[in-house]
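Everything on this sheet refers to the single structure shown next.
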Amino acid sequence: DLRQALSEKLAGMPNIPLRLVLHLVNDEITVAAPILRKSTVLSDMDLIYIVKSQGPDYWQAIASRENLSAEVIDVLAATRDQGTAFVLTRNERVTLTRYALDILTDLAKEN
């Protein structure tokens with residue numbers, strides 16, 4: 001509970017140390033989610049690494065971010081995870097790439 005509260009408090013702060021942020025995002029999803037959704041300290045490379053090293057709950061938290069680069073959107077779409085695809089399509093603050101749209105269209109046809 002304390003780690004989760006700390007994560008929620010720090011998620012919106014722009015000047016927290018990257019090492020602390022990375023420690024929190026590699027914790028259980030209830031702790032990691034606020035940081036994954038809001039922290040501006042995480043770079044695109046950090047987000048891509050997290051997508052490649054964690055599971056769908058983490059991908060979905062990243063997919064709900066306000067700002068996502070085309071590269072991160074493509075990596076998220078490439079997971080072909082239905083839950084992540086749903087969150088990406090519901091995120092009105094991002095513009096999906098052609099690559100992501102193709103994958104999401106294929107997923108929609110399959111399901």
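The values are calculated or read from the model by the stated rules, or taken from the named source; none is laboratory data. Note that the coordinates shown come from a computational prediction; the quantities given were computed from them, not determined experimentally. Note that each Cβ is placed from the backbone with ideal geometry, even for glycine, and that neighbours are counted across all protein chains shown. Ligands, DNA and RNA are excluded from the accessible area calculation, which covers all protein heavy atoms including side chains. Shrake-Rupley method; radii C 1.70, N 1.55, O 1.52, S 1.80 Å.
Once backbone amide H atoms are built at 1.01 Å from N, Arg65 has no partners under 5 Å, excluding neighbours fewer than 5 places away on the same chain. Say a paramagnetic label sat at a point 7 Å from the Cα of Arg37, along Cα to Cβ; which residues of region 64-85 have their backbone N under 11 Å from it? The answer is 64-66, whose backbone nitrogens lie closer than 11 Å to the label point. The local environment of Arg93, defined by Cβ-Cβ distances under 14 Å, has a net charge of +2 under the rule Lys, Arg +1 and Asp, Glu -1. Helix-only arithmetic for the chain: the sum of -39500 (n - 2.57) across DSSP H runs with n ≥ 4, divided by the residue total, places the mean residue ellipticity at 222 nm at -19500 deg cm²/dmol.
Using 0.36 nm per residue and subtracting the Cα-Cα separation, the extra length available between Thr105 and Leu6 on full extension is 31.8 nm.
Across region 101-107, rounded Karplus estimates of 3J(HN,Hα) from the backbone phi angles (6.51 cos²θ - 1.76 cosθ + 1.60, θ = phi - 60°) give 4, 4, 5, 5, 5, 4, 4 Hz, Gly and Pro being marked x. Computed packing ranks the peptides 56-65, 80-89, 98-107 as 56-65, 80-89, 98-107, most packed first, by mean other Cβ atoms within 10 Å. In this simple spin-label model, placing a label point 7 Å from the Cα along the Cα-to-Cβ direction at both Gln82 and Ala70 gives a separation of 3.1 nm. Just the protein heavy atoms count here, and of the accessible area of region 1-102 at 1.4 Å, carbon and sulfur take up 52 percent. Under conditions of 4 °C and 1.567 mPa s, the chain yields 92 µm² s⁻¹ as its translational diffusion coefficient, taking Rh as the Kirkwood radius over Cα pairs in the Stokes-Einstein equation.
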